[in-house]
Every structure is written in C-alpha cells, then in structure tokens.
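Comments concern the structure below.
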C-alpha cells in the first residue's frame, strides 16, 4: 500500500513539474543552429534556383534580413526571416511574384531540436496564408500564394511535451518497481 502511495505521489509531482517545465523552457529554439533554403522556379523554361541562407543561431532580432536575393537569375530580396524561441516569422518585403515553384525549408543543422511533427501550427495573426509541412528535423513552407509587401506568415512551435516524458518515466519506474517486488 505504501508503494502505491509513493508512486501516485511521484506521478502527480511529475505532472505538475511538466507544466512548469513547458512554461519555463518553451519550444527552446533559442540558441539552436538552423538554416533556411529557398527553391524558386519562375516558369517552365527556367531552372530551379536554390538560395541558402547559411547557418544562423536563433537569438534576438531578425536572423536572415532580405532573404531570397539571387544575382543570376535576378531575384530580389523577398522576405525577412525571424526565428524566436517559439515562432518562425516570414515578412514579405515586396509583393510576391508569380512562380511555378517557390518554397522554403527550415533545417535543424545539429539535430538538437525535438521533432517538429505535431508541434507546428499556423498563427491566426498570419496575413500571408501559406501551407507548412513539418517533418522530423525540417519544416517545408509552400510560398506559391500571392502576398503583398508587409504581410506575414507566422508559425507557432509548441514546446516539447516534457509532461509526457516525465509521466512516461514515472510509469516506467512504477512498472520496474512492481516487477522487482514480484
């Protein structure tokens, strides 16, 4: 009986601790190394142009200002890319030009960010209506939607479910504790 009380208390403490951890640590993108790649094809007769931002560390301010510029073929700077601890914000600098293919992919360079699957949602404050496809270590965003200068696309990145991790740990401890007794 005493062991059941101890395990129940431990599980309740884990659940309360998980709520605190989720709030304290958020999505934890701050300090992570990422990069963004844009793939663009203006029309069926042109080649696909790949533009790489290079690596950047998520921190305060806009990580990639004027992203999308390319000399040959000539492509103007399309957007500012700002990554915060729990959001990715794309702000159009010009009206979005028509294209056959236009997409950006965000990469977790060091594979230190927990999987994006199930943790990405479109912020309702977005004025540039795009579609995002999260995967384990990348997020693909289809840019083939008309937008005007100043519009934003905002992705919310939910925190890693620390509660689920702690609860699973408590359950595993309980199973091991129970097995040991038998």
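The values are calculated or read from the model by the stated rules, or taken from the named source; none is laboratory data. Everything numeric here is computed off the predicted structure, so don't read it as measured data. Note that each Cβ is placed from the backbone with ideal geometry, even for glycine, and that neighbours are counted across all protein chains shown.
Screening residue 133 with (1) part of a loop (DSSP other than H, G, I, E, B); (2) modelled with pLDDT of 90 or more gives one miss only, at (1). Quick one: is residue 111 at pLDDT below 90 and outside any strand (DSSP E or B)? It is false that residue 111 is at pLDDT below 90 and outside any strand (DSSP E or B). Checked against (1) surrounded by 14 or more Cβ atoms within 10 Å (Cβ to Cβ); (2) closer than 19 Å to residue 133 by Cα, residue 117 passes all but a single condition, namely (1). Within region 76-113, the residues that satisfy the criterion of being closer than 18 Å to residue 32 by Cβ, surrounded by fewer than 18 Cβ atoms within 10 Å (Cβ to Cβ) and without any contact (Cβ under 8 Å) to a residue 60 or more places away in the chain are 85, 111.
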